[in-house]
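For reference, the structure is listed below as structure tokens.
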Amino acid sequence: MVEISASVLNVEKENSAQTFYNLETSGIDYFHIDVMDGDFVEQNTVTKMMEYINIIKQISNIPIDVHLMVKDIDEFVEYYIPFEPNRITIHYEADKQETLLEQIKKIKENKIKIGISVKPNTKIEEVFPLLPFVHMCLVMTVEPGKGGQELIPSTIEKIKRLKEYVEENQLDVDIEADGGINLQTAAQVKKAGANILVVGTALIQTENYKEMVAELKKE
Ligand code: DX5
Ligand code: ZN
């Protein structure tokens, strides 16, 4: 069964604690923290995500899935390690491979799972050499930088190719699809091989979170 990682990017600030509580009781598997530095992507959510992870850690034990859309990976890894997230995902495009490998090592040394994320225009084959060193590959199904976008259809093929490669090489790598996931697109990315779905807008805007999460998880 797929896991659901709820993106908190578009959660409204007022009564955010109530929203996080409602999400926790809806059956989600992770809270997805979208950290944007205003440099790697245009938007800056650094302060908002700092506030949100503090609130979430006070009220919930649901594992945290941190998605760093940042240039200075080291600065943000340092900041988020003390929150003991389940996983931290860094972007393939943020730095050269040797630096990425150093960050991968550092995150693992802190007993945190490591994800590598690829933007829609990055060929999935480019990240293959890093897969033996990571726990997850996050395939961006929208251009990183904001919520509420439409899934880019060509990214489905990337998930399929990634799944084939992971199976051919017997790698133990989660495949996370992130961006524009709703009931229609969830079926496509699951079929392609994603086992963790990041859902933001499509979940936050529904009346009944529990129902939506159950629908998204249906085989
Ligand atoms: C976009 C973020 C995604 C996004 C998902 O840069 O990485 O996690 O917030 O939100 P929706 O589901 O609204 O596309
Ligand atoms: Zn994300």
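Numbers at a glance
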quantity	calculated
Unmet requirement for Ser26, which otherwise passes all of (1) away from ligand 2 (no atom under 15 Å from the Cβ); (2) farther than 19 Å from Asn195 by Cα	(2)
Residue in segment 41-49 that is part of a loop (DSSP other than H, G, I, E, B), within 16 Å of ligand 2 (Cβ to nearest atom) and more than 16 Å from the chain's Cα centre (by Cα) present	yes
Every residue from segment 199-219 that is of a type outside the set (S, T, N, Q), within 13 Å of ligand 1 (Cβ to nearest atom) and open to solvent by 10 Å² or more (accessible area, probe 1.4 Å)	Gly200, Ala202, Ile204, Met212
The one condition in (1) within 14 Å of ligand 1 (Cβ to nearest atom); (2) more than 19 Å from Glu143 (Cβ to Cβ) that Val77 fails to fulfil	(1)
Tally of residues being away from ligand 1 (no atom under 14 Å from the Cβ) and either surrounded by fewer than 14 Cβ atoms within 10 Å (Cβ to Cβ) or modelled with pLDDT under 95 (or both) across segment 1-23	5
Count of residues meeting criterion [in contact with an Asp or Glu (Cβ under 7 Å, 6 or more places away or on another chain) and either assigned to a helix (DSSP H, G or I) or on the phi > 0 side of the Ramachandran plot (or both)] in segment 180-219	2
Qualifying strands (runs of 3 or more DSSP E) (wholly inside segment 90-179; at least 1 residues being touching a residue at least 60 places away in the same chain (Cβ under 8 Å), in contact with an Asp or Glu (Cβ under 6 Å, 6 or more places away or on another chain) and buried (at least 20 other Cβ atoms within 10 Å of the Cβ))	136-140
Residue in segment 187-198 that is within 11 Å of ligand 1 (Cβ to nearest atom) and touching a Ser or Thr at 6+ places or on another chain (Cβ under 8 Å) present	yes
Residue ID - nearest to ligand 1 (Cβ to nearest atom), chosen from residues in segment 24-40 that are closer than 15 Å to Glu75 by Cβ and outside any loop (DSSP other than H, G, I, E, B)	Met36
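The values are calculated or read from the model by the stated rules, or taken from the named source; none is laboratory data. What you see is a predicted model; the values in this text were computed from it and never measured. Here the Cβ is made from the backbone with ideal geometry for all residues, glycine too, and neighbour counts use every protein chain on show. The area values use the complete protein model at the heavy-atom level, side chains included, leaving out ligands, DNA and RNA. Shrake-Rupley method; radii C 1.70, N 1.55, O 1.52, S 1.80 Å.
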